[in-house]
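One structure below.
The values are calculated or read from the model by the stated rules, or taken from the named source; none is laboratory data. On a predicted model such as this, the values are computed, not experimentally measured, just so you know. FYI the Cβ positions are ideal-geometry reconstructions off the backbone, even for glycines, and counts take in every protein chain you see. Heads up: the accessible areas ignore ligands, DNA and RNA and are worked out on the full protein's heavy atoms, side chains in. Shrake-Rupley method; radii C 1.70, N 1.55, O 1.52, S 1.80 Å.
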Amino acid sequence: MNSSGNVPGIQDCSTAPRAIWRYADQHYESGAEPELMGIVNVTPDSFSDGGRLGDVESAVAHALGLERDGAGFLDVGGESTRPGAVPVPFEEERRRVIPVIAALARQTSLAISVDTTKAEIARLAIEAGAAIVNDISGLTFDPRMLAVCRDAGAGVICMHIQGTPQTMQTDPRYDDVVGEIVEYFERRLEALDAAGIPPERVVLDPGIGFGKTAEHNVAILSNVARFRALGRPVLIGHSRKRFLSRLLGRAAEERTAATIGVSIALAGQSTDILRVHDVAANRDALAAWRAIRGA
């Protein structure tokens, strides 16, 4: 540790450069600790909580509970992207997602994100009240997605994935996982800007578990500063991911403590947004971390 009590190589979040993310007519400015994005899965086959939110009422109630627990964003998704997941037909994804977003938009002032790779789902979600598009493909799977996000002024979460959900975990390989993702983000930011989506509307997500081994994930999670150096907020979605079982030997329902441990490590690296299932537990852990750190 150096004279200020910080670990060398880990950026002190209190002095980290602030980043602004604009979406629709709103904006987010990074602060002294991560903002939490609450996960609202309206799928029967999600890897950790599939089938729990099978109707609009239960999904909305869950989302509003996440808001009470301290979420700053709500991310609604109707297609599982776990390894090997089968793509969901458009009409089924529309049926799952759009009514939930429409009902939520009437009951919360939080920014709503739609987790989809389909441009038409994104367009309908924005019409229903979503302000952000969270696309695991970095807006590459559907060529119409760029125009939808551009024309709506939507915020964009640009994620890195190697392959597709059907192939991504078959045999993921990198010579330098962090360096290659940094280069990917550089290319995507240029492409998005050229398509009319300026960097100020983009958040970067290195895609934990999306075409990465446990070792790749650990390398990514310990090098957040490399991604933040691109000048954009960084979002990490590590909650209950399978690599935690690889590290700890725990089942999916027993990964909450490990998720929180990673959240604290990410907070110490100035990570901007954490996408999590257990908002209350992560919020309490971050509050305790902030109190000890401030003292």
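Inside region 52-76, can you point out the residues that are under 21 Å from GLY155 (Cβ atoms), crowded, with 23+ Cβ neighbours inside 10 Å and not aromatic (Phe, Trp, Tyr)?
ALA63, LEU66, ALA71, LEU74, ASP75, VAL76
Which of the residues belonging to region 241-295 are on the phi > 0 side of the Ramachandran plot and at pLDDT 90 or above?
Of everything in region 241-295, just one residue is on the phi > 0 side of the Ramachandran plot and at pLDDT 90 or above, namely SER270.
Take region 222-244 and flag every residue that is in a helix (DSSP H, G or I) and open to solvent by less than 20 Å² (accessible area, probe 1.4 Å).
The answer is VAL224, PHE227, PHE243, LEU244.
So the check is Cβ under 6 Å with 6+ separation or different chains; which pairs have a first residue in region 177-188 that's within 15 Å of HIS216 (Cβ to Cβ) and a second one that's of a type in the set (D, E, K, R) and surrounded by 13 or more Cβ atoms within 10 Å (Cβ to Cβ)?
VAL178/ARG226; VAL182/ARG226
Given the criteria at pLDDT 95 or above, open to solvent by 10 Å² or more (accessible area, probe 1.4 Å), closer than 22 Å to VAL276 by Cα and touching a Gly at 6+ places or on another chain (Cβ under 6 Å), does ARG201 qualify?
yes
Which residues, counting only those in region 253-282, are open to solvent by 20 Å² or more (accessible area, probe 1.4 Å), under 16 Å from the mean Cα position of the chain (by Cα) and not β-branched (Val, Ile, Thr)?
ARG275, ASP278 - these are the residues of region 253-282 that are open to solvent by 20 Å² or more (accessible area, probe 1.4 Å), under 16 Å from the mean Cα position of the chain (by Cα) and not β-branched (Val, Ile, Thr).
Would you check if there is a residue in region 85-100 being over 28 Å from MET168 (Cα atoms), crowded, with 18+ Cβ neighbours inside 10 Å and under 21 Å from the mean Cα position of the chain (by Cα)?
yes
GLU35 is checked against (1) in contact with a Phe, Trp or Tyr (Cβ under 9 Å, 6 or more places away or on another chain); (2) open to solvent by less than 30 Å² (accessible area, probe 1.4 Å); (3) modelled with pLDDT of 95 or more and fails just one. What number does that condition carry?
(2)
Given (1) in contact with a Lys or Arg (Cβ under 7 Å, 6 or more places away or on another chain); (2) of a type outside the set (A, V, I, L, M, F, W, C); (3) within 26 Å of LEU36 (Cβ to Cβ), identify the lone condition not met by ARG96.
(1)
Just the residues that are in contact (Cβ under 8 Å) with a residue 60 or more places away in the chain and either within 15 Å of ASP284 (Cα to Cα) or not in a helix (DSSP H, G or I) (or both), please, taken from region 245-265.
ARG255, SER263
Taking the conditions exactly as written (over 28 Å from ASP25 (Cα atoms), out of contact with any Asp or Glu (no Cβ under 9 Å at 6 or more places or on another chain) and of a type in the set (Asp, Glu)), does GLU200 satisfy them or not?
For GLU200, the condition - over 28 Å from ASP25 (Cα atoms), out of contact with any Asp or Glu (no Cβ under 9 Å at 6 or more places or on another chain) and of a type in the set (Asp, Glu) - is not met.
Taking the condition assigned to a helix (DSSP H, G or I), more than 28 Å from ARG187 (Cβ to Cβ) and in contact with a helix residue (DSSP H, G or I) (Cβ under 7 Å, 6 or more places away or on another chain), does ALA291 pass?
no
Collect the residues in region 160-179 that are at pLDDT 95 or above and surrounded by 14 or more Cβ atoms within 10 Å (Cβ to Cβ), keeping them in residue-number order.
HIS160, ILE161, TYR174, VAL177, VAL178
Could you grab me the full set of residues in region 103-128 that are in contact (Cβ under 8 Å) with a residue 24 or more places away in the chain and open to solvent by 30 Å² or more (accessible area, probe 1.4 Å)?
Answer for region 103-128, where residues must be in contact (Cβ under 8 Å) with a residue 24 or more places away in the chain and open to solvent by 30 Å² or more (accessible area, probe 1.4 Å): ALA105, GLN107, LEU110, LYS118, GLU120, ARG123, LEU124, ILE126.
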